[in-house]
Amino acid sequence: VIKMVMAMRNGVLPRTLHVDAPSRQVDWDAGAVALLTEARPWPAADRPRRAGVSSFGISGTNAHVILEESAEPEPERADPAGAPPVLALPVSARSPEALRGQARRLTELTDTAPADLGLALATTRATHPYRAVVLAGGADEAAAALDALARGADAPGLLVTGTATDGTLAYLFSGQGAQRPGMGRDWYDAFPVYAEHFDRAAALFDKHLERPLAEVVLGDDPETLERTDYTQAALFTTQVALYRLLESFGLRPGLLAGHSVGEFAAAHVAGVWSLQDAVTAVAARGRLMQALPAGGAMVAVQASEEEVTPLLEGRRCAIAAVNGPRAVVVSGDEDAVTEVAAHFTTSRRLRVSHAFHSPRTEPMLAAFREVMAGIEAAEPAVPIVSTLTGAPAGAAELACADYWVRHVRQTVRFADAVATLAAEGADTFLELGAAPVLSALGPDCLPDAAHTAFVPAARKDTAQLPGLLAALAALHTRGADVDWAVLYEAYAGRRVDLPTYAFDHVRYWLPTAGVTTGDAAGHGLATADHPLVSARLDLPGDAGLLLTGRISTATHPLLAEHAVLGTVLVPGAALVDLALHAGRLTGRPVLEELTLQSPLVLEADTAVRLQVAAGPDGTVEIHSRAEHAPADEDWTRHATGTLTAAATAPAPATAPGAWPP
């Protein structure tokens, strides 16, 4: 079958082998059938080539297969319009050296479109521990990033590298203050999954708001977006849509936490509330807060909770958030907050509509309790760490209306929540939001965690799409299973034959100690060009040849591997090779016979002198004697044989790829 497939592919019928004469049982003149005694062309015609292959089994089973030439496929034409605007090229290996080798091989694909290369890497390659992701908008950026990876250099903005960790991935949902005009607009345009879930949540919020939420979030109306009823709805909708988008890329967090209103999004995606119930809760929270009297202030101070707490006594203000060991937010009446902040050298007033998590929110608590009491809750499918308590939140706690009421009024214990997430095994934190707020606070909460990473889904001064892909790349290089094929779903692409794996080549030969052979020519000898003998002496008068050498387990440690019952013996194959070498030097390259007479033993601490004698009549003998043996001690003969000249020249080898072979 393979023979006929190759014949079709090459357009040549090979001759039939091992046929001395045509069978007399066939009337070869009666039809158009003939033996192929010589190769002949098989030109293409107006119909496919066909061939029949018969198999006659010795047990009586006969089979016949008809093969037909397949049609040449149409050249693949990829539509560039379907390629993602920002490409991700994932590369991985089992070692840093192999990772650089992979990149070097990829740089050789100069005629391959970057989108085709990215699609092939995303869909046809396994993922190994040492990882890199090239992020590029075109061929030049892809080439520059691959070249940097091949050299072990950096390419900021174009290349993300890392090593997979054993830690857990945790999601952090931003709170109020992370909103930005037009947030998520590029994600909405690029990813149908994001748009679908954004529209679904926004449609539910529209029943509670004066203007369509999508118009406010995706448009350019910062004034409306700053109203807390729109802000909280916008954050929730954006975070849920982003979570579902990341879910489509295969990401599954092991832990969740949300800063203030961010915990509502965490509770929904964990399965505590349905989307309808979650929207009801967030809409009520935002509406009731918006209805609170204007005024109040929130100020972030660089101080510890212990330093701030004594200053609150007798003042109408409270600690709204503990965002780090020395990062506290004070909230309440403006004059009280200003007095507390004056005790510290570093403070910053936050841009907010109301004084959240302070006594000024108390007028809304009863109404909010009524709303939350009517919402059914389920057990979370993904563990949630509460930013109200800083500890893991149980199902009963999350189902309690009082928990969510206290969540509005009391301190956001973000620093404690991050410490608990780390204690639960998280070492990679992804912030779901429109700005890198929590990812800037997180590292200070874990000062001793050198290998922990806080990754924002959106980055300052970076477009939304490259920023999100950079976040995915960071997670991927830290061990998350990112399905990069999702990025190329709308791109048909052209098939690319990728280079094979760049294996680390390791030499496993045992090290050989240097052997001092001296200057053979200075002693009237020639070099023998063989690992077991070092000198060659051509005897006068065509008397033959003598090869000499010195071997031991120290100079030739590989020989120590051939031991029989603890005794090291020079293999018989080595003696054959010595005889053949002598034959090649004397013009008799064929070893007709070799009789082994005694084993050549190598003692552990003794070297052996070796001699190979080839006579003019084709005889060959191999002798040895211990290096420090007495001068009158006889040599031990180990083998005798006969060398002859080659009878016939071997047939020339067939060139690789030639047909017929």
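The values are calculated or read from the model by the stated rules, or taken from the named source; none is laboratory data. Here the structure is a predicted model, which is why all the values come from computation and not from measurement. Because the Cβ atoms are built from the backbone with ideal geometry, glycine has one as well, and the counts that use them run over all protein chains shown.
Yes or no: ARG588 in a loop (DSSP other than H, G, I, E, B) and crowded, with 16+ Cβ neighbours inside 10 Å? Give the derivation first.
Numbers: in a loop (DSSP other than H, G, I, E, B): yes; crowded, with 16+ Cβ neighbours inside 10 Å: yes.
Yes; evaluated as a whole, the condition is true for this residue.
Taking the conditions exactly as written (surrounded by fewer than 19 Cβ atoms within 10 Å (Cβ to Cβ) and closer than 23 Å to LEU421 by Cα), does GLU226 satisfy them or not? Can you show your working first?
Values: surrounded by fewer than 19 Cβ atoms within 10 Å (Cβ to Cβ): yes; closer than 23 Å to LEU421 by Cα: no.
No; evaluated as a whole, the condition is false for this residue.
Restricting attention to the range 292-328, and to residues there that are free of Cβ contacts under 8 Å to residues at least 40 places away in the same chain and among the hydrophobic types (A, V, I, L, M, F, W, C), which single residue is surrounded by the fewest Cβ atoms within 10 Å (Cβ to Cβ)?
The extreme case among them is LEU312.
Please verify whether HIS530 is under 26 Å from THR644 (Cβ atoms) and under 48 Å from the mean Cα position of the chain (by Cα), treating the condition exactly as stated. Talk me through it step by step, then tell me what you get.
Working: under 26 Å from THR644 (Cβ atoms): yes; under 48 Å from the mean Cα position of the chain (by Cα): yes.
Yes; evaluated as a whole, the condition is true for this residue.
Select from the range 397-454 the residues that are of a type in the set (Asp, Glu), in contact (Cβ under 8 Å) with a residue 40 or more places away in the chain and over 20 Å from PRO253 (Cα atoms) and list them in ascending order. Steps first, please.
Of all residues in the range 397-454, those of a type in the set (Asp, Glu) come to 397, 402, 416, 424, 427, 431, 444, 448.
Restricting the remaining residues to those that are in contact (Cβ under 8 Å) with a residue 40 or more places away in the chain gives 416, 424, 427, 431, 444.
Within the range 397-454, just ASP444 meets the criteria.
Taking the condition closer than 28 Å to ALA391 by Cα, modelled with pLDDT of 95 or more and buried (at least 24 other Cβ atoms within 10 Å of the Cβ), does GLY479 pass? Let's see the steps before the verdict.
Details: closer than 28 Å to ALA391 by Cα: yes; modelled with pLDDT of 95 or more: yes; buried (at least 24 other Cβ atoms within 10 Å of the Cβ): no.
So GLY479 does not fit the description; no.
I need a count of the residues in the range 146-160 that are surrounded by fewer than 22 Cβ atoms within 10 Å (Cβ to Cβ) and either assigned by TED's automatic domain parsing to the domain that holds ALA440 or closer than 26 Å to ALA257 by Cβ (or both).
Residues flagged as surrounded by fewer than 22 Cβ atoms within 10 Å (Cβ to Cβ) and either assigned by TED's automatic domain parsing to the domain that holds ALA440 or closer than 26 Å to ALA257 by Cβ (or both) within the range 146-160 amount to 0.
For the range 253-266, which residues satisfy the criterion of being part of a helix (DSSP H, G or I) and touching a helix residue (DSSP H, G or I) at 6+ places or on another chain (Cβ under 6 Å)?
Those that are part of a helix (DSSP H, G or I) and touching a helix residue (DSSP H, G or I) at 6+ places or on another chain (Cβ under 6 Å): PHE264, ALA265.
Please pick out the residue among ALA283, ALA270 that is modelled with pLDDT of 95 or more and in contact with a Pro (Cβ under 9 Å, 6 or more places away or on another chain). Please lay out each step first, then the result.
Numbers: ALA283 fails: in contact with a Pro (Cβ under 9 Å, 6 or more places away or on another chain).
Among ALA283, ALA270, only ALA270 is modelled with pLDDT of 95 or more and in contact with a Pro (Cβ under 9 Å, 6 or more places away or on another chain).
Can you name the condition, by its number, that LEU99 falls short on among (1) more than 12 Å from the chain's Cα centre (by Cα); (2) in contact (Cβ under 8 Å) with a residue 12 or more places away in the chain?
Every condition holds for LEU99 apart from (1).
Can you go through THR127, THR163, THR110, THR123 and tell me which one is surrounded by fewer than 19 Cβ atoms within 10 Å (Cβ to Cβ) and under 28 Å from VAL240 (Cα atoms)? Before you say what the answer is, go through the steps one by one.
On the way: THR127 fails: under 28 Å from VAL240 (Cα atoms); THR163 fails: under 28 Å from VAL240 (Cα atoms); THR110 fails: under 28 Å from VAL240 (Cα atoms).
Being surrounded by fewer than 19 Cβ atoms within 10 Å (Cβ to Cβ) and under 28 Å from VAL240 (Cα atoms) holds for just one of THR127, THR163, THR110, THR123, which is THR123.
Of all residues being among the hydrophobic types (A, V, I, L, M, F, W, C) and touching a residue at least 60 places away in the same chain (Cβ under 8 Å) in the range 180-194, which is nearest to ARG227 (Cα to Cα)? Just the residue, please. Quick ask: steps written out before the conclusion?
Here is the first cut: in the range 180-194, the ones among the hydrophobic types (A, V, I, L, M, F, W, C) are 183, 187, 190-191, 193.
In the following step, the residues that additionally are touching a residue at least 60 places away in the same chain (Cβ under 8 Å) were identified as 183, 187, 190.
Values: MET183: 15, TRP187: 23, ALA190: 28 Å.
Among them, the one singled out is MET183.
Which ones in the range 4-19 are assigned to a helix (DSSP H, G or I) and under 16 Å from LEU35 (Cα atoms)? Spell out how you get there, then give the answer.
Step one: list which residues in the range 4-19 are assigned to a helix (DSSP H, G or I), which gives 4-10.
Scanning the range 4-19 gives MET4, ALA7.
Can you pull out the residues in the range 325-335 that are of a type in the set (A, V, I, L, M) and either more than 11 Å from LEU312 (Cα to Cα) or part of a loop (DSSP other than H, G, I, E, B) (or both)? Steps first, please.
If we filter the range 325-335 for residues that are of a type in the set (A, V, I, L, M), which is where we start, we get 327-330.
Passing the criteria: ALA327, VAL328, VAL329.
If you take just the strands (runs of 3 or more DSSP E) that sit entirely in the range 534-579, which of them hold at least 1 residues that are exposed (fewer than 14 other Cβ atoms within 10 Å of the Cβ)? Explain how you work it out, then say what you get.
Details: elements: 535-539, 544-551, 567-569.
In the range 534-579, the matching strands (runs of 3 or more DSSP E) lie at 535-539, 567-569.
Return yes when GLU489 is closer than 30 Å to PHE356 by Cα and among the acidic types (Asp, Glu) and no when it is not. Break it down stepwise before answering.
Details: closer than 30 Å to PHE356 by Cα: no; among the acidic types (Asp, Glu): yes.
So GLU489 does not fit the description; no.
For the range 426-436, which residues satisfy the criterion of being surrounded by fewer than 21 Cβ atoms within 10 Å (Cβ to Cβ) and part of a loop (DSSP other than H, G, I, E, B)?
Step one: list which residues in the range 426-436 are surrounded by fewer than 21 Cβ atoms within 10 Å (Cβ to Cβ), which gives 427, 435.
Of everything in the range 426-436, just one residue is surrounded by fewer than 21 Cβ atoms within 10 Å (Cβ to Cβ) and part of a loop (DSSP other than H, G, I, E, B), namely ALA435.
Which one of these is under 30 Å from THR165 (Cα atoms), in a loop (DSSP other than H, G, I, E, B) and either touching a residue at least 40 places away in the same chain (Cβ under 8 Å) or not β-branched (Val, Ile, Thr) (or both): PRO90, PRO84, PRO22?
Working: PRO90 fails: in a loop (DSSP other than H, G, I, E, B); PRO22 fails: under 30 Å from THR165 (Cα atoms).
PRO84 is the lone residue from the list that is under 30 Å from THR165 (Cα atoms), in a loop (DSSP other than H, G, I, E, B) and either touching a residue at least 40 places away in the same chain (Cβ under 8 Å) or not β-branched (Val, Ile, Thr) (or both).
I'd like the full set of residues that are part of a strand (DSSP E or B) and among the aromatic types (Phe, Trp, Tyr), limited to the range 151-200.
Looking only at the range 151-200, we keep the residues that are part of a strand (DSSP E or B), and these are 159-163, 168-173.
If the condition is that a residue be part of a strand (DSSP E or B) and among the aromatic types (Phe, Trp, Tyr), then TYR171, PHE173 are the ones that fit.
What tally of residues in the range 446-478 results from selecting those that are within 20 Å of ALA122 (Cβ to Cβ) and out of contact with any strand residue (DSSP E or B) (no Cβ under 8 Å at 6 or more places or on another chain)?
2
Can you tell me which of ALA144, ALA115, ALA148 is touching a residue at least 40 places away in the same chain (Cβ under 8 Å) and either outside any loop (DSSP other than H, G, I, E, B) or under 30 Å from VAL385 (Cα atoms) (or both)?
Working: ALA144 fails: touching a residue at least 40 places away in the same chain (Cβ under 8 Å); ALA148 fails: touching a residue at least 40 places away in the same chain (Cβ under 8 Å).
On inspection, the qualifying residue turns out to be ALA115.
Pick out the one residue from ALA646, ALA613, ALA653 that is modelled with pLDDT of 95 or more, on the phi < 0 side of the Ramachandran plot and of a type in the set (Gly, Ala, Ser).
On the way: ALA646 fails: modelled with pLDDT of 95 or more; ALA653 fails: modelled with pLDDT of 95 or more.
After applying the criteria, what remains is ALA613.
How many residues are surrounded by 10 or more Cβ atoms within 10 Å (Cβ to Cβ), β-branched (Val, Ile, Thr) and farther than 22 Å from MET6 by Cβ when one looks only at the range 18-65?
Within the range 18-65, residues that are surrounded by 10 or more Cβ atoms within 10 Å (Cβ to Cβ), β-branched (Val, Ile, Thr) and farther than 22 Å from MET6 by Cβ number 1.
Would you mention how many residues in the range 293-311 are modelled with pLDDT of 95 or more and within 20 Å of LEU365 (Cβ to Cβ)?
Looking only at that region, the number is 1.
THR606: among the β-branched types (Val, Ile, Thr), at pLDDT below 95 and not assigned by TED's automatic domain parsing to the domain that holds HIS581, yes or no? So that I can check it myself, show each step before the final result.
Numbers: among the β-branched types (Val, Ile, Thr): yes; at pLDDT below 95: yes; not assigned by TED's automatic domain parsing to the domain that holds HIS581: no.
So THR606 fails the test.
Quick test of your reading of the structure: MET364 fulfils all but one of (1) closer than 30 Å to ASP199 by Cβ; (2) in contact (Cβ under 8 Å) with a residue 60 or more places away in the chain; (3) under 48 Å from the mean Cα position of the chain (by Cα); (4) buried (at least 18 other Cβ atoms within 10 Å of the Cβ). Name the failing condition by number.
(3)
Restricting attention to the range 499-527, which residues are modelled with pLDDT of 85 or more and of a type outside the set (Ser, Thr, Tyr)?
PRO499, ALA502, PHE503, ASP504, HIS505, VAL506, ALA526
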